[in-house]
Every structure is written in structure tokens, then in C-alpha cells.
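Take a look at the structure set out below.
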Amino acid sequence: MSQQLAVGIDIGGTNTVFGIVDRRGNILSDGKMSTKSHDNVEDFLTELHGHLSKLIEQAGGSENIRGIGVGAPNGNFYTGNIEYAPNLSWRGIIPLANLLEQRFGLPTVLTNDANAAAIGEMTYGAARGMKDFIMITLGTGVGSGIVANGQLIYGHDGFAGELGHCIVQPGGRLHPGTGMRGSLESYASATGVCNTAKEFLINRPEVESTLRQYTLDEITSKMIYEAAMKNDALAKEVYEYTGQILGEALANFVMFSSPEAIILFGGLTKAGDMLMKPVRIHMENNMLPIFQNKVKLLFSELKESDAAILGASALAWEMKD
């Protein structure tokens, strides 16, 4: 039974979650700590080691652990480094995989969080048995992982698959984080949904909406979702517009890699058919006939609270002996 467990670590801008996972995707134990309370990566690793070494001990010691998988913003699979992550307080290039190997004495592999989600979906979720699919994470931002011929596409430098930063509306909405205009993330993320609602509230004064009882600064994606569920016309239009832009972008992605499925994950998917119907319509309408009606649009099968740990842990099973 040796090496039948893996460690998954997901480093987010606010919190880091970690856990011990078996090959079936059961999380045997897990924990959470603040990422932002540590300005220095060494201090962060000291706290992480304190928490995680206890879990490893409870699981029978490191001889039972195949390895450590890490999902992190701007994580480079080839180098094991976090490189210039905009939402972490540790600046520059951080050789995180090496630092973790030194602390734990276990082989460690690192990639970005959306790639980890794709590997997790292929190992434990809706993409089991698939060799060609695209994972799109719709949260505060838009992440993606592209799997072709059973392999995650990393590109020559480890950074392939940034579909969220593809320009879908040339000269469009400013993305403050990148300085680019019209990227998919500016429209199809939770932040994008909020900005669309604010634009509609300003530009469509004739449309009644319960959202008008709030100031623009107060509006959240949760409020828009709740209003849409109560049949609010303007909130429903926000999802229609978001679905159109996402569907048009997905049409391009399909024609690029001809996937068996596109799997959507993250907070925005709670909108269900309000989002998926326009996505499907605009995706199909913007593809060549040879691609139409072939691609499955699926929601992730991973529980949102577990997905980050599962995705990261799945990287450990991919390690070469």
C-alpha cells in the first residue's frame, strides 16, 4: 500500500488549502491557512510545513506519499517556479517546488491553478477517459487548461493556455490587472459580470431592476445572480450578454483544438441554464459546420470546495517514476 496517497496544495491570493488524497479522489484530511499574512515565502513555508507534516504523519508518514502537487498563480510546470504572480505578495521568481522538496523530502510538481483543475477533472471528474478537452474556470478571473491527445498543453515556456486573456472584443473593456483591452476575463468572470451590470444600469435607464436600489459600488455578482433568479429583466440580460461573449470565444477555442468537451467550473456556473443556453447558442452559431453539434458542454463534477486540493494532488499521480 506504499505511495497510495498524494499531497495537494493550492496557493490562492488570499488562502492556501492543502490535503492528503487517495487515488480515488477521497480527501482523507485537509487544512487551510492564510497566504497573505506572510510577506516572506520562507515564513509561509514554515507555517505550511507545520500544518502539513502533521497530516502526513497521521497518514502513516512520507513513505506512503507519492509526491506533492501544487497549483499556484503563474506556476510554471517546467521550472517549478512561481513567476511574477500579480496577486501574491512574494515578488519575482519563487522556486517553490524546490523549496517544498527541501522542506518535505518529497518529489514536488507545480503548475498554474487552472491547469491543475484540468488534471483534476481528467483524474477524478467529468473528463475521466477523455483525451481532448478544455477546462474553463469562471471565478474572479477566467482560467483555462487545454488537454490534447491526453497531454496538458504547456507550450515551449510552460505558460500556454491563457484563454482568459485572449482578446474577444478588440479595443473593449480595460482589464486593470494586465492593461489590455477586451480580454475574455474582462467579460466572463465574476468581476466582468459586475462591470456588465453596472454598464447596463447606467446605459439602460428605461429597464427596471431591483439592482437600482444599490449604489454601483455595492453591486456583487451574488446580487446579480439572486436578482436574475427572481426574474429581474436587467440581471437576466447580463447573463445573456455574458453567455454570448463566452460562447463566441468558445467557438474559437473549439476550432483551434477540436475538443470532445468543454468543462466549465467556478462560481459563475451556479447560474446554470441562464448562462449555458446563450453560451451554447452563440458557440454553435460561430463555428464551421464540421465542428457544430460535436462538443459537449459540461459542468465540472468536482465539488467546488474540494476541487483545488484534488486538482493539485492529481499532478502527483502524473509524475514519472
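The values are calculated or read from the model by the stated rules, or taken from the named source; none is laboratory data. What you see is a predicted model, and the numbers here were worked out from it, not measured in a lab. Please note: Cβ atoms are built from the backbone with ideal geometry, for glycine as well, and neighbour counts cover all protein chains shown. For the accessible areas, the whole protein counts, side chains as well, though only heavy atoms, and no ligand, DNA or RNA atoms are used. Shrake-Rupley method; radii C 1.70, N 1.55, O 1.52, S 1.80 Å.
Between A271, A235, A251, the Gaussian network model of the chain with springs among Cα atoms under 10 angstrom shows the greatest mean-square fluctuation at A271. Surface composition of the stretch 49-102: carbon and sulfur atoms hold 50% of the protein heavy-atom accessible area at a 1.4 Å probe. Comparing N252, L302, M229 along the charge dipole axis of the stretch 218-304, the residue lying farthest to the positive side is L302, per the Cβ-charge model. Name the residue, out of L264, L310, L28, whose mean-square fluctuation peaks in a Gaussian network model built on the chain with Cα pairs under 10 Å. Of L264, L310, L28, the Gaussian network model singles out L28 as fluctuating most.
Placing +1 on each Lys and Arg Cβ and -1 on each Asp and Glu Cβ, with no other charges, gives the stretch 121-221 a dipole about its Cα centre of roughly 120 debye. Just the protein heavy atoms count here, and of the accessible area of the stretch 121-169 at 1.4 Å, carbon and sulfur take up 50 percent. Residues H156, H175, sorted by accessible area with the largest first, give H156, H175 [1.4 Å probe; ligands and nucleic acids excluded]. Carbon-plus-sulfur accessible fraction, the stretch 197-300 (probe radius 1.4 Å, protein heavy atoms only): 53%. For the chain, the per residue solvent-accessible surface stands at 46 Å², with DNA, RNA and ligands left out and a 1.4 Å probe.
For a modelled paramagnetic label at S305, 7 Å from Cα along Cα-to-Cβ, the residues of the stretch 33-54 in reach, with backbone nitrogen under 16 Å, are 33. For I65, the residues whose modelled amide H falls within less than 5 Å of its own, excluding neighbours fewer than 5 places apart on the same chain, are Q3.
With θ taken as phi - 60° and the Karplus curve 6.51 cos²θ - 1.76 cosθ + 1.60 applied, the whole-hertz 3J(HN,Hα) list for the stretch 215-228 is 6, 4, 5, 7, 6, 10, 5, 5, 4, 5, 4, 5, 5, 4 Hz, x standing for glycine and proline. Take the chain and mark each of the GluC sites (Glu not before Pro) that is in a DSSP loop with at most 11 other Cβ atoms within 10 Å; the longest unmarked stretch, sites excluded, is 1-205.
For the stretch 1-79, trypsin sites (Lys or Arg not before Pro) meeting the loop criterion (DSSP other than H, G, I, E, B) and having at most 13 other Cβ atoms within 10 Å: R24.
The mean sequence separation of alpha-carbon pairs under 8 Å and at least six residues apart, normalised by the residue count of the chain, gives a relative contact order of 20 percent.
Each eigenvalue of the Cα gyration tensor of the stretch 133-239, multiplied by 5 and square-rooted, gives one semi-axis; in descending order these are 32, 15, 10 Å.
Each of C166 and K36 was given a label point 7 Å from its Cα along the Cα-to-Cβ line. The distance between the two points is 3.1 nm. From its DSSP helices (H runs of at least four residues, each -39,500 (n - 2.57)), the chain gives a residue-normalised ellipticity at 222 nm of -11500 deg cm²/dmol. The 3J(HN,Hα) values that the Karplus relation (6.51, -1.76, 1.60; θ = phi - 60°) gives for the stretch 304-316 are, in residue order, 4, 5, 9, 4, 5, 5, 4, x, 5, 5, 4, 4, 5 Hz. Gly and Pro appear as x. Pairs of Cα atoms nearer than 8 Å and 6+ residues apart set the relative contact order; for the stretch 217-321 it is 30 percent.
For the chain, the dipole from Cβ point charges (+1 on Lys and Arg, -1 on Asp and Glu) about the Cα centre works out to 440 debye, to the nearest 20. The string of couplings for the stretch 285-298 from the Karplus curve (6.51, -1.76, 1.60, θ = phi - 60°) is 6, 10, 10, 4, x, 5, 9, 5, 6, 10, 9, 6, 9, 10 Hz, one whole number per residue in order, with x for Gly and Pro.
Once both labels are positioned 7 Å from their Cα atoms along Cα-to-Cβ, the gap between K131 and E57 label points is 4.6 nm. Once the Cα atoms are used to define both axes, helix 233-257 deviates from the longest principal axis of the chain by about 60 degrees. With R₀ set to 41 Å, the beta-carbon distance separating Y84 from E208 gives a calculated FRET efficiency near 0.35. Build a GNM of the chain with springs between Cα atoms under 10 Å apart, and of I309, I146, I219 the one that fluctuates most is I219. Multiplying the residue separation of H49 and K230 by 0.36 nm and subtracting their alpha-carbon distance yields 60.5 nm. For the stretch 79-131, the set of trypsin sites (Lys or Arg not before Pro) satisfying both a DSSP loop assignment and a count of at most 14 other C-beta atoms within 10 Å is given as R91, R128, K131. Distance between the pseudo-spin-label points of D273 and Q292 (7 Å out from Cα toward the beta carbon): 2.3 nm. Dipole orientation for the stretch 1-59: of the candidates L28, L52, V7, L28 has the Cα lying most toward the positive pole (charges on Cβ; Lys, Arg +1; Asp, Glu -1). Using Cβ point charges alone (K and R +1, D and E -1), the dipole size of the stretch 237-321 about the Cα centre works out to roughly 120 debye.
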